[in-house]
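Here is the structure we will look at.
The values are calculated or read from the model by the stated rules, or taken from the named source; none is laboratory data. Keep in mind the model is a prediction, meaning the values are calculated, not measured. Backbone-built Cβ (ideal geometry, glycine too); neighbour counts: all protein chains shown.
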Amino acid sequence: MSVKQISVFLENKPGALADLTRVLAENEIDMRAFSLAETSDFGIARIIVDDLYKTTTVLKDAGFIHAVSSVLAVKIPDVPGGLSHVLSILNEENTNVEYMYAFLGAQAGSAYMIFKVAGHHKAAAALTGRGIRLVDQEELNEL
């Protein structure tokens with residue numbers, strides 16, 4: 001079970017991020033999760049949205065360079081060691097975590113994380129086999 005993430009490439013200059021979020025807001029696109037990574041010249045905004053097709057169309061029409069990739073959305077108990085347990089399972093499967101970021105949900109006692117991993121089908125099977133709950137795109141939209 002995977003979720004689709006959009007990576008938007010932005011020039012690292014004042015206003016670039018504001019332009020991206022303005023375009024999304026003007027088109028009533030709801031971001032469910034967001035992460036920003038940067039270098040001195042460019043940034044990558046990684047977003048999970050409520051309407052993938054609409055968002056990619058809007059971004060293309062607005063001239064934003066972007067790519068869609070599969071990631072795992074994981075519901076983790078919000079307790080000390082919750083993330084460590086998930087990472088231990090991935091380590092046992094020799095799965096490399098390329099990056100990860102957290103996002104908010106409405107359910108108390110749970111944390112939510114996005115993981116970009118090599119071999120996400122294998123990682124998903126390992127996590128669910130050990131009782132870790134994956135979240136699908138539809139459920140993300142309801143959080």
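When ARG46 is tested against (1) within 14 Å of PHE103 (Cα to Cα); (2) touching a helix residue (DSSP H, G or I) at 6+ places or on another chain (Cβ under 7 Å); (3) of a type outside the set (Val, Ile, Thr); (4) in contact (Cβ under 8 Å) with a residue 40 or more places away in the chain, just one condition goes unmet, and that condition is (2).
Mind counting the residues in the stretch 72-82 that are of a type outside the set (Gly, Ala, Ser) and touching a residue at least 40 places away in the same chain (Cβ under 8 Å)? Before the answer, list the steps.
First, the residues of the stretch 72-82 that are of a type outside the set (Gly, Ala, Ser): 72, 74-80.
Checking which are touching a residue at least 40 places away in the same chain (Cβ under 8 Å) leaves us with 72, 74-76.
Total meeting the criteria: 4.
Only a single item in (1) surrounded by 13 or more Cβ atoms within 10 Å (Cβ to Cβ); (2) at pLDDT below 90 is not met by ALA106, and it is number (1).
Name the single residue that is farthest from LEU72 (Cα to Cα) among those in the stretch 1-51 being in a loop (DSSP other than H, G, I, E, B) and in contact with a strand residue (DSSP E or B) (Cβ under 6 Å, 6 or more places away or on another chain). Across the stretch 1-51, the extreme among qualifying residues is ASN12. Counting only helices (runs of 4 or more DSSP H) wholly contained in the stretch 52-143, the ones carrying 1 or more residues that are aromatic (Phe, Trp, Tyr) occupy 52-61.
Comparison of THR39, THR21, THR55 shows that the only residue that is hydroxyl-bearing (Ser, Thr, Tyr), within 16 Å of TYR99 (Cβ to Cβ) and over 10 Å from the mean Cα position of the chain (by Cα) is THR39.
Beta carbons closer than 7 Å, at least 6 apart along the sequence or on distinct chains, pair a first residue in the stretch 56-71 that is polar (S, T, N, Q) with a second that is part of a loop (DSSP other than H, G, I, E, B) for SER70/SER2. Looking only at residues that are more than 18 Å from the chain's Cα centre (by Cα) and in the same structural domain as PHE42 (by TED's automatic domain parsing) in the stretch 63-101, which one is surrounded by the most Cβ atoms within 10 Å (Cβ to Cβ)? Per the stated criteria, the residue is PHE64.
Kindly indicate which of ASP41, ASP50 is of a type in the set (Asp, Glu), modelled with pLDDT under 95 and surrounded by 14 or more Cβ atoms within 10 Å (Cβ to Cβ).
Numbers: ASP41 fails: surrounded by 14 or more Cβ atoms within 10 Å (Cβ to Cβ).
Criteria check complete, one pass: ASP50.
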